[in-house]
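Okay, structure first, notes after.
The values are calculated or read from the model by the stated rules, or taken from the named source; none is laboratory data. Just so we're clear, the structure is a prediction, and the values are computed from it rather than from any experiment. As a convention, Cβ positions derive from the backbone with ideal geometry for all residues, glycine included, and neighbour counts pool all protein chains shown. Ligands, DNA and RNA are stripped out before the accessible areas are found, and what is left, the full protein with its side chains, is counted by its heavy atoms. Shrake-Rupley method; radii C 1.70, N 1.55, O 1.52, S 1.80 Å.
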Amino acid sequence: MSVLSPAAELVLRNQSFLKGDLLMAHLPVGDGYTNLIQPLLTPQIEALHLLTDDWRSYQSLDQHRQYESRFMPLFQAYLGQDSDSGLLTAYDHILLFMPKAKEQARYLITQFLPLLKAGGCFWLVGENNGGIKSADKLLKAAADDQWSEGAWNLSKADKAKKSALLKLQLNKELSLPESETFDAEPWELHWQLPEKKEFPVELADLKLISLPGVFSHGRLDEGTALMLQNMPRIKPSKVRNRRVLDMGCGTGVIGLSLLKLHPELEVTFCDVNAMALEATRRGLTANDMQGQVYASDMWSDITDRFDLIISNPPFHTGQKTDYELADRFIRQAKKHLKRSGELRIVANRFLKYPDIIEASFGHCERIAETGKFCIWSAKI
């Protein structure tokens, strides 16, 4: 049998309780989780719908046709009145994999709880180091907001291998209130760049929007700040608009800043995270800007060439740096640059990126540095 993660093992151990229409959400990346799907496809499951906000997870699921799989930041945006969406407005069971960010957990729980049928069960599963140990408080608070006391029962259904499975069951006689469409706007964090004389003055009124689960939620991280203090000079072309790729865009702060400084640019934003892409779209709208926003696992869905590829690359697996990913990113970046194009990245200064860049480009220039970060550049 394929290896399962400890959290997935708990789900499979309690599989007999899952019957009828099942919604699984925030399915993590990796075979340890996706290998759970096939064993769940039993006659007692009438419909199985899978939701993920990670493009890598979605790509691993989309090859199957025995269930509905969706990549999205906002589930109810697909419901509406159109039954062609393939999604249901109520489920017998909802299984949520615990996000590491508590704010994102609250966001997802609040969004999904109203979709339970009377007598239905909401399951929350995760590992202790991912926040599941204190998740009962989040679940209880969200249930209190939805229903009166006595309408539900919360228990720890199972635990093993530093993981836990929580179960919240609604009263069978419960008369469910008519569910209102979930509104993500109250979950937005609106912010602007801090006042620093090192930042271009044109960025002072740039509007930034973040959503739960996005990198550096609602604040400017130190590496990106260094990048904004040392933005590349982009010489306009008389023939065409210069093209820029913001790889791993997060809230889109780097690409949005470039558009603010150079409105004539054609900027493409990409990320694996659906929440990041949605935050970027909202940022473009808030600033009355235009840009292309794509889901892509690094270069998986990018085919164009650019004059500038700029990034604060998130190549960390847990606490470890994944140099294989960094090598692949940098090596393929060269293939996606136009003549005289530039790759510019910011990263922790201890990382071995200069060696990787030099191996692909033949040179590497240090643009700026702090005690912790460096900006590296290479041109073709």
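Of note:
- Annotation note: of Asp158, Asp136, the sole residue that is in contact with a helix residue (DSSP H, G or I) (Cβ under 8 Å, 6 or more places away or on another chain), under 20 Å from Leu95 (Cβ atoms), surrounded by 12 or more Cβ atoms within 10 Å (Cβ to Cβ) and among the acidic types (Asp, Glu) is Asp158.
So that you can scan it fast, the table gives a plain yes or no per residue for (1) over 25 Å from Val11 (Cα atoms); (2) over 28 Å from the mean Cα position of the chain (by Cα):
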{"site": "Phe112", "(1), (2)": "no, no"}
{"site": "Ser155", "(1), (2)": "no, yes"}
{"site": "Leu165", "(1), (2)": "no, no"}
{"site": "His190", "(1), (2)": "yes, no"}
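- Close pairs from the stretch 293-311: first touching a residue at least 24 places away in the same chain (Cβ under 8 Å) and open to solvent by less than 30 Å² (accessible area, probe 1.4 Å), partner in a loop (DSSP other than H, G, I, E, B) and polar (S, T, N, Q), Cβ under 8 Å, at least 6 apart: Ile302/Ser296
- Looking only at the stretch 1-21, residues that are within 16 Å of Leu50 (Cα to Cα) and crowded, with 22+ Cβ neighbours inside 10 Å come to 2 in all.
- Pairing residues of the stretch 66-79 that are open to solvent by 70 Å² or more (accessible area, probe 1.4 Å) and outside any strand (DSSP E or B) with residues that are modelled with pLDDT under 65 and not hydrophobic (A, V, I, L, M, F, W, C), at Cβ distances under 6 Å and at least 6 apart in sequence or on separate chains, gives Tyr78/Ser85.
- Residue in the stretch 179-219 that is most open to solvent (accessible area, probe 1.4 Å), counting only those that are under 30 Å from Met98 (Cβ atoms) and of a type in the set (Phe, Trp, Tyr): Phe215
- Of all residues in the stretch 139-150, those satisfying the criterion of being open to solvent by less than 60 Å² (accessible area, probe 1.4 Å) and modelled with pLDDT of 90 or more are Leu139, Ala141, Ala142, Ala143.
- Only one of the listed residues (Thr42, Thr110) is at pLDDT 90 or above, among the polar types (S, T, N, Q), open to solvent by 20 Å² or more (accessible area, probe 1.4 Å) and outside any loop (DSSP other than H, G, I, E, B). That residue is Thr110.
- Just one of the numbered conditions (1) open to solvent by less than 40 Å² (accessible area, probe 1.4 Å); (2) over 23 Å from Ala368 (Cβ atoms); (3) not β-branched (Val, Ile, Thr) is not true of Gly248: (2).
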